[in-house]
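Working notes for the structure below.
The values are calculated or read from the model by the stated rules, or taken from the named source; none is laboratory data. Owing to the predicted nature of the structure, the values given are computational and were not obtained by experimental measurement. Cβ coordinates were reconstructed from backbone atoms using ideal geometry, including for glycine residues, and neighbour counts include every protein chain displayed. All accessible areas refer to the heavy atoms of the entire protein, side chains included, with ligands and DNA or RNA removed. Shrake-Rupley method; radii C 1.70, N 1.55, O 1.52, S 1.80 Å.
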Amino acid sequence: MATLKGKTLFITGASRGIGKAIALRAARDGANIVVAAKTAEPHPKLEGTVHSAVADFEAAGGRGLACITDIRFEEQVQAAVDKAVATFGGIDILVNNASAISLTGTLETPMKRYDLMHGINTRGTYLTSRTCLPHLFKASNPHILNISPPLLMDARWFAGHVAYTMAKYGMSMCVLGMAAEFKEQGVAVNALWPRTAIATAAVRNLLGGDEVVRHCRKPDIMADAAHAILARDSRKCTGNFFIDDEVLRSEGVTDLDQYAVEPGLDLQPDFFVERA
């Protein structure tokens, strides 16, 4: 079975949710996890901090490094990358997971919220990729994985939340361009997106509460799919817009009920993908 043992993963937003699940899966292999996230102190509505996440990764068998980082700011990203390289000797994998969401219409989205989503989602992904790339060039099997959707230019994915879709598609445009730009250097650049809503704090707090969570899949499905992608040969796996359950089926996983919060219930589709 492919392993990420000894690999160093730089993961934005790894203190909770999908980012943390991806990190935990890698930590169980014995990977080094760099947690680039903002939450240093406990938050009343959000679980976990960079420090509690590191403790969990080390308990799982990996090594962790807490880097309190707001990826909107170049000096903070550079400092986190420098600290990661000084601690672990390099960076093998970058996961651009950090994201901001506001499912509001154009007139209901103030420019402050627009700037936040674009600053974290699109600009933050571009900045973190740009900063990590010199180190990824030195890795034996370098990967960038953006947690972003397939690029489908259909008005229904824009209407209702134009600003959010633009910001998420910006992350996906980084995949489209960088995969081609850095193919000769052997850096894989791919996207991964869930078929269904995933049980995270964002879903619970913003998209319908506990009742919607019951119709979600667990973050573990994204973690297992990410692991499968990141273990592949970077020179043979780039420029893809992966969907989580399709990745797992290609790996021979047939029991997807194991990922359901409540098996047997209808699943809530996510944005940007068709129902399977």
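Structure notes:
- Residue selected from segment 1-22 under the condition farther than 20 Å from ARG204 by Cβ, of a type in the set (A, V, I, L, M) and open to solvent by less than 10 Å² (accessible area, probe 1.4 Å), by the criterion farthest from the chain's Cα centre (by Cα): LEU4
- Qualifying residue in segment 131-146 (condition: open to solvent by 20 Å² or more (accessible area, probe 1.4 Å) and among the aromatic types (Phe, Trp, Tyr)): yes
- Qualifying residues in segment 167-177 (those that are out of contact with any Phe, Trp or Tyr (no Cβ under 8 Å at 6 or more places or on another chain) and of a type outside the set (Gly, Ala, Ser)) - the one surrounded by the fewest Cβ atoms within 10 Å (Cβ to Cβ): LEU176
- Residue within segment 146-158 that is of a type in the set (Phe, Trp, Tyr) and over 20 Å from PHE241 (Cβ atoms) present: no
Residue-wise test of (1) buried (at least 17 other Cβ atoms within 10 Å of the Cβ); (2) touching a residue at least 12 places away in the same chain (Cβ under 8 Å); (3) touching a Gly at 6+ places or on another chain (Cβ under 8 Å).
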{"position": "MET153", "(1), (2), (3)": "no, no, no"}
{"position": "ARG156", "(1), (2), (3)": "no, no, no"}
{"position": "ALA180", "(1), (2), (3)": "no, yes, yes"}
{"position": "GLU184", "(1), (2), (3)": "no, no, no"}
{"position": "LEU230", "(1), (2), (3)": "yes, yes, no"}
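- Answer residue from segment 106-130, given it is open to solvent by less than 40 Å² (accessible area, probe 1.4 Å) and β-branched (Val, Ile, Thr) and is nearest to the chain's Cα centre (by Cα) among those: THR125
- Single residue of segment 41-68 satisfying the filter (over 19 Å from ALA27 (Cβ atoms) and in contact with a helix residue (DSSP H, G or I) (Cβ under 7 Å, 6 or more places away or on another chain)) that is surrounded by the most Cβ atoms within 10 Å (Cβ to Cβ): ILE68
- Hey, GLY264 open to solvent by 60 Å² or more (accessible area, probe 1.4 Å) and either on the phi > 0 side of the Ramachandran plot or at pLDDT 95 or above (or both) or not: yes
- The lone criterion from (1) open to solvent by less than 70 Å² (accessible area, probe 1.4 Å); (2) over 20 Å from the mean Cα position of the chain (by Cα); (3) farther than 26 Å from HIS227 by Cβ left unmet by LEU103 is number (2).
- Within the option set ALA201, ALA191, ALA197, being under 28 Å from ASP257 (Cα atoms) and surrounded by fewer than 18 Cβ atoms within 10 Å (Cβ to Cβ) holds for one residue only, ALA201.
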